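First up is the structure itself, then whatever we jot down about it.
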Amino acid sequence: MRLRFIAAAIICAAPVVVAQRGAPPPSGPTPRFADGTPNLGRVPGEKGIWNVPWIRNMGLRIDKTEGGSDLPSVGGSVGLVGHDPKRDGSRLEPLVPFMPWSAAVYDYHVANESKYDPEGYCLPPGGPRMMATPYPMEIIQLPDQKRIVMTFEGATHIWREIYMDGRPHPRGDELNPTYLGHSVGRWEGDTLVVDVVGFNEQTWMDYYGHPHTDLLHVVEKYSRPTKNTLAYEATFDDPGAYTKPFTLRWNINWNANGELAEYICQENNKYLQRLTDDFGQPIFGKKQ
């Protein structure tokens with residue numbers, strides 16, 4: 001098998017197994033269970049995983065229709081604008097409704113090239129960043145148990161549980177903030193809608209370093225228009241960090257021959273050995 005390193009999204013130096021790529025198989029119709037519910041995972045008797053893409057900057061994925069005529073123009077364009085080599089931060093992202101403090105934190109992360117990214121320390125990505133970290137994942141639907149489990153090869157090999165039994169979110173002290181939050185789901189036609197609250201503040205929204213608070217509320221939508229495509233949408237609502245909600249979208253491709261492999265982020269994490277603070281001193285190991 002062919003091995004490669006992904007040096008920035010996870011920033012760990014652990015190898016990632018890459019399947020041999022050929023012509024993609026023809027895409028069939030949406031797989032379904034006997035009751036007509038879309039099957040978001042494998043068809044019985046077949047292999048397959050979702051090839052999660054690398055979305056480094058979610059600020060460039062915001063739906064442009066959410067903007068308005070009052071948005072500032074940057075370099076003659078508005079919306080999905082690119083970054084120059086200096087990575088100018090919040091100034092180039094007019095569709096991100098920053099508060100002053102969140103813009104300042106984001107600009108700091110951009111200026112130091114995301115070297116304090118928690119995911120680089122092998123901590124889990126929170127919320128939609130799990131769907132933007134370039135390692136395979138599986139969706140396993142358990143209708144008899146009224147829950148859905150998502151398993152991720154990367155991101156410290158974590159899993160996520162979505163409750164489909166109609167329960168509400170815990171309230172008050174019963175809602176313990178976690179990396180992945182508390183997820184409840186429901187079907188709206190062929191779309192799985194997942195409501196997530198209860199995030200801690202130990203994660204970034206993406207590799208570039210958009211911050212969030214524990215007030216973050218995410219609504220995700222999953223649909224499978226064809227066998228080979230998972231359409232993903234996430235609406236962020238964090239009144240502690242942003243002035244209004246915003247929505248992101250991207251597609252995830254199906255790898256019909258893929259299977260999850262063992263991945264240990266903590267093993268051989270050379271990124272930490274190279275990491276220095278703002279004064280040029282090593283964060284781990286002997287100071288100079």
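The values are calculated or read from the model by the stated rules, or taken from the named source; none is laboratory data. All values reported here derive from a predicted model rather than from experimental measurement. Positions of Cβ are generated from backbone atoms using ideal geometry, with glycine treated the same way; all protein chains shown enter the neighbour counts. For accessibility, only protein heavy atoms count, side chains too; no ligands or nucleic acids. Shrake-Rupley method; radii C 1.70, N 1.55, O 1.52, S 1.80 Å.
Overview of values
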{"quantity": "Count - residues of segment 217-268 that are outside any strand (DSSP E or B) and farther than 20 Å from Gly41 by Cα", "calculated": "13"}
{"quantity": "Condition check for His169: touching a His at 6+ places or on another chain (Cβ under 7 Å), more than 25 Å from Val105 (Cβ to Cβ), open to solvent by 20 Å² or more (accessible area, probe 1.4 Å) and assigned to a loop (DSSP other than H, G, I, E, B)", "calculated": "yes"}
{"quantity": "Tally of residues being of a type outside the set (A, V, I, L, M, F, W, C) and modelled with pLDDT of 90 or more across segment 48-81", "calculated": "7"}
{"quantity": "Pair list, Cβ under 6 Å, 6 or more apart: segment 225-241 residue closer than 16 Å to Pro136 by Cβ, other residue outside any strand (DSSP E or B) and among the hydrophobic types (A, V, I, L, M, F, W, C)", "calculated": "Tyr232/Met131"}
{"quantity": "Trp204 vs. criteria open to solvent by 60 Å² or more (accessible area, probe 1.4 Å), out of contact with any Phe, Trp or Tyr (no Cβ under 8 Å at 6 or more places or on another chain) and aromatic (Phe, Trp, Tyr)", "calculated": "no"}
{"quantity": "Subset of segment 86-114 that is surrounded by 15 or more Cβ atoms within 10 Å (Cβ to Cβ), out of contact with any Ser or Thr (no Cβ under 9 Å at 6 or more places or on another chain) and of a type in the set (D, E, K, R) - its residue that is modelled with the lowest pLDDT", "calculated": "Arg87"}
{"quantity": "Any chance Met137 is in contact with a Ser or Thr (Cβ under 8 Å, 6 or more places away or on another chain), crowded, with 22+ Cβ neighbours inside 10 Å and modelled with pLDDT of 95 or more", "calculated": "yes"}
{"quantity": "Some residue of segment 181-197 being open to solvent by 20 Å² or more (accessible area, probe 1.4 Å), touching a residue at least 40 places away in the same chain (Cβ under 8 Å) and over 29 Å from Tyr263 (Cβ atoms)", "calculated": "yes"}
{"quantity": "Number of the exception - Met164 against (1) open to solvent by 60 Å² or more (accessible area, probe 1.4 Å); (2) modelled with pLDDT of 90 or more", "calculated": "(1)"}
{"quantity": "Unmet requirement for Phe284, which otherwise passes all of (1) modelled with pLDDT of 95 or more; (2) on the phi < 0 side of the Ramachandran plot", "calculated": "(1)"}
